[in-house]
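Worksheet for the structure shown next.
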Amino acid sequence: MDLVARVNRFPRPGETLKGTDFDRVPGGKGANQAVAASRLGGDVSFFGLVGQDGFGQELLENLNENGVDTESMQTRDCSTGLAMIQVDNSGENQIVIIPGANGKVDEEYVDSYIEAILDTDVLLLQLEIPFKTTSYLLDRLNEAEGSSPVVILDPAPARELSELTLSAVDYLIPNREEAEQLIAGEERRNLESEILNRGVRGLVITKGEEGSSFISREERFEVPGFSVEVADTTGAGDAFAGAFAVEQSRENNMRRCLEFANATGAIAASRDGAQPSLPRRNQVINLSDKLS
């Protein structure tokens with residue numbers, strides 16, 4: 001659950017400021033991405049945990065209302081994950097995450113649902129569950145026999161990925177700031193080649209209103225973004241990720257896929273909140289047609 005405070009500017013350490021507004025909004029990177037994909041026409045199932053509290057029940061109901069299948073979700077006797085968010089007058093944000101039930105997604109949970117996970121066409125992952133659980137899941141995917149889903153990893157919250165089996169990842173989709181933290185030390189100067197050498201098919205770097213970059217062994221190109229009046233960047237990256245995942249199940253043309261994802265992220269940034277800002281498919285198509 002996102003607890004969102006509006007402020008004129010961010011406080012300095014030790015400083016107390018009056019906020020201008022407060023809201024409680026369903027959030028979480030995984031849930032934001034699932035709702036984004038569902039609103040864009042995807043057939044979406046969610047894997048994860050919530051707490052046995054009012055927030056958890058509210059979030060499950062919200063996912064169901066947005067067409068997301070929650071049959072694989074479980075509850076734990078703890079708090080639901082929380083995000084404490086400040087948004088300033090320019091639309092920029094600062095976020096503190098309290099994992100709650102998200103921190104209890106473990107190897108046993110993965111094993112319980114691995115067959116359902118392998119049965120998906122596209123699997124979208126991020127790092128708001130324990131890193132060792134994500135690592136374990138990627139190992140299971142890498143060892144799986146037969147067909148497996150297209151795996152997209154949004155490496156946020158940002159950290160080094162040295163322990164992950166990236167050969168199980170098809171597309172890595174960091175923003176510019178996150179990309180700088182994926183690889184340690186001197187190897188960072190050769191970020192693109194280091195990532196591709198570990199088996200990733202394509203690296204997508206998101207750049208806000210500047211658009212996105214695609215890098216693979218075969219090609220590299222830039223896809224321009226869309227200029228909008230920014231209201232709140234919270235959730236814009238999740239909107240991009242959800243759109244990218246949906247288009248991977250529909251679209252073989254990577255340029256068109258990234259243009260659609262760029263437009264989705266732009267619309268989300270032009271609206272307040274995370275999930276409330278996520279657009280429908282026709283709205284994204286209309287923006288692409290209008291500004292392309």
Exercise. Over the range 2-291, what is the mean sequence separation of C-alpha contacts under 8 Å (at least six apart), divided by residue count, expressed as relative contact order in percent?
Worked result: 17
For this session: Could you give the size of the charge dipole of the chain about its Cα centre, using +1 on the Cβ of each K and R and -1 on the Cβ of each D and E, expressed in debye and rounded to the nearest 20?
Result: 780
For this session: Using θ = phi - 60° and the Karplus relation 6.51 cos²θ - 1.76 cosθ + 1.60, list the HN-Hα couplings for the range 100-111 in order, rounded to whole Hz, with x at every Gly or Pro.
Result: x, 4, 4, x, 9, 6, 10, 4, 4, 5, 4, 4
Exercise. Long-range amide H contacts for residue 127: which residues qualify at under 5 Å (H placed 1.01 Å from N, peptide plane, sequence gap of 5 or more or a different chain)?
Worked result: 156
For this session: Name the residue, out of 241, 83, 263, whose mean-square fluctuation peaks in a Gaussian network model built on the chain with Cα pairs under 10 Å.
Result: 83
Exercise. Sorted from fewest to most neighbouring beta carbons within 10 Å, what does the list 193, 216, 38 look like?
Worked result: 193, 216, 38
For this session: Just subtract the alpha-carbon distance of residue 201 and residue 252 from 0.36 nm times their residue separation and send over the number in nm, one decimal.
Result: 17.0 nm
Exercise. With a sphere of radius 10 Å drawn around the Cβ of residue 149, what net charge do the other residues whose Cβ falls strictly inside it have (Lys, Arg +1; Asp, Glu -1)?
Worked result: -3
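Excluding same-chain pairs closer than 8 in sequence, count the lysine pairs in the chain whose Cα atoms lie under 26 Å apart.
Lysine pairs meeting the criterion: 5.
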Seminar exercise, completed: Quick note on 284, 228, ordering by fewest other C-beta atoms within 10 Å, gives 228, 284
Exercise. How big is the gap, in Å, between the Cα center of the range 67-111 and the Cα center of the range 37-55?
Worked result: 11
Exercise. Using a Gaussian network for the chain with springs between C-alpha atoms less than 10 Å apart, which of these wobbles most: 101, 184, 266?
Worked result: 184
Seminar exercise, completed: Calculated from DSSP helices alone, with each H run of at least 4 adding -39500 (n - 2.57) and the total divided by the residues of the chain, [θ]222 nm to the nearest 500 comes to -10500 deg cm²/dmol
Exercise. Once fully extended, how much extra length lies between residue 189 and residue 10, figured as 0.36 nm per residue of separation less the alpha-carbon to alpha-carbon distance?
Worked result: 61.2 nm
Exercise. Which of 27, 277, 97 sits farthest toward the positive end of the charge dipole of the chain, with +1 on the Cβ of Lys and Arg and -1 on the Cβ of Asp and Glu?
Worked result: 277
For this session: Quick one: which residues, 5 or more positions from residue 175 or on another chain, have an amide H under 5 Å from its amide H? H modelled 1.01 Å from N in the peptide plane, none for Pro or chain starts.
Result: 206
Exercise. Which GluC sites (Glu not before Pro) in the range 1-90 pass both tests, a DSSP loop state and at most 11 other beta-carbon atoms within 10 Å?
Worked result: 15, 71
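Values quoted throughout were computed directly from the atomic coordinates according to the rules given, and no laboratory measurement underlies them. All of these numbers come straight from a predicted model, not from anything done at the bench. Virtual Cβ from ideal backbone geometry, glycine too; neighbours counted across all protein chains shown.
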